[in-house]
Structure formats: structure tokens, C-alpha cells
Amino acid sequence: MSMNCSILGLTPAQIDGLVAAPELVTHLVLVAWDETRKAHLDEDRQVRIAEAREQIAQLGPFEPPLDLEEWWHSLHYVLAGEMRPIDGGGDLLLTGQELGEDMGYGPARLHSPAETKDFRRFLETQDLANLQARIGEMSRLGVYPGRGPRGAVTGPANAEFQEMLRNNVCRCFVRLRDYVQKMSDRGNGLLIWVI
């Protein structure tokens, strides 16, 4: 099972509403999950999502969420240079004000409009060529699970994996950069969670 990271742009009023009622975060994540997955749901799940929509209706309409899928952790590494949280410009995916219940991998994390703007500026300084070089470095160091230097997969399977990793991380970077730019232009903050 993979750990997926999602991001949702929030207006200042929505941020205030969630800070005042953090129990709504779980409902919001359930609705956002439904928006990104659009899967056929059993009747129980449909009822839960309908109830969650009622709970968050008071906060107004939300932006569409961004799903970085399981590639978010590799993207964090190429932006921050570490797998763990650090104190730096590329660390937004693993930091922020914790809000709401533990989603399985910790609570959702909130970033203000000012932090979103700072992250936008950081992302604008990045380019795909440098990111691809860092993806190669990450692979050589064995950062990605199951692909360590001692037990590294070699041959065509490893080459295919490296190409898939490079393509997906670069695709997610472009989607993240564009989403953060749009949210920053609108004066929004960000809510990030991993499930």
C-alpha cells in the first residue's frame, strides 16, 4: 500500500474555519479523496461522503485538490535534499501547523497564504534539469525504498524503474508548481495530508 499526499488550496476564511473547528479536517479530507479518486463507492461510503459534505458546507466551495500520489516523497527529497523534514524553502510537503486527527501518517498540515507565497517563490527557482540531476543522485544513494546501493536492482528493470521515477517526479513537480502558483495568486493557503 502506498502513501499518497494531497494538497488543497484554502481561502483565509476557510483556514480560520478549520482552525476554529479542526474536527472538520477529517470530513474535508474524505470529500477531497472522493474528488480525486472518483471511484465507484459502496452505499456506506456514499453515505459517509454525503455526511462529510454537509459538515463542511459551512466553509463554502473548495478548490479542487491536487494528488501527488506516491511520488510526493521523492519530490520532497529532490526539493529539500533530505527525506525527513528540514527547515528550508523546499520543505513544505512535510511541515506546517498540524490540524485535526491523525490521518494514519500524522495529522493534516496547514500553511498560511504567506507561507504559500514563499513556497511559490522557492518553486519558481527550481528547474527540471536540476531536479532530474537530484533524482539521479537520490537513486545512486538508494534513497527510494527497495533500490539501495547494496541491494540495487541492476539491468533493464532498474533502468525502467529509474525512467519511471524521473518521469513521475518531474510530472508531479510541474503539477505542484502550477497549483501553488494558482493558489498563491488567489491569496490562498494550503492544507497537506498523507494517507
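A few points about this structure:
- Residues of segment 129-157 that turn out to be modelled with pLDDT of 70 or more and over 13 Å from Ser74 (Cβ atoms), as a count: 4
- For segment 177-194, the candidate set comprises residues that are modelled with pLDDT of 95 or more and aliphatic (A, V, I, L, M); within that set, the residue that is nearest to Ala129 (Cα to Cα) is Val180.
- Screening the candidates Glu70, Glu63 for the property of being farther than 20 Å from Asn130 by Cα and at pLDDT below 85 yields one hit, Glu70.
- Residue satisfying all of: in segment 1-38; part of a loop (DSSP other than H, G, I, E, B) and either under 25 Å from Val169 (Cβ atoms) or acidic (Asp, Glu) (or both); modelled with the lowest pLDDT among these: Met1
The values are calculated or read from the model by the stated rules, or taken from the named source; none is laboratory data. Every value quoted in this text rests on a predicted model; they were computed, and no experiment measured them. Positions of Cβ are backbone-derived with ideal geometry, glycine not excepted, and every protein chain shown enters the neighbour counts.
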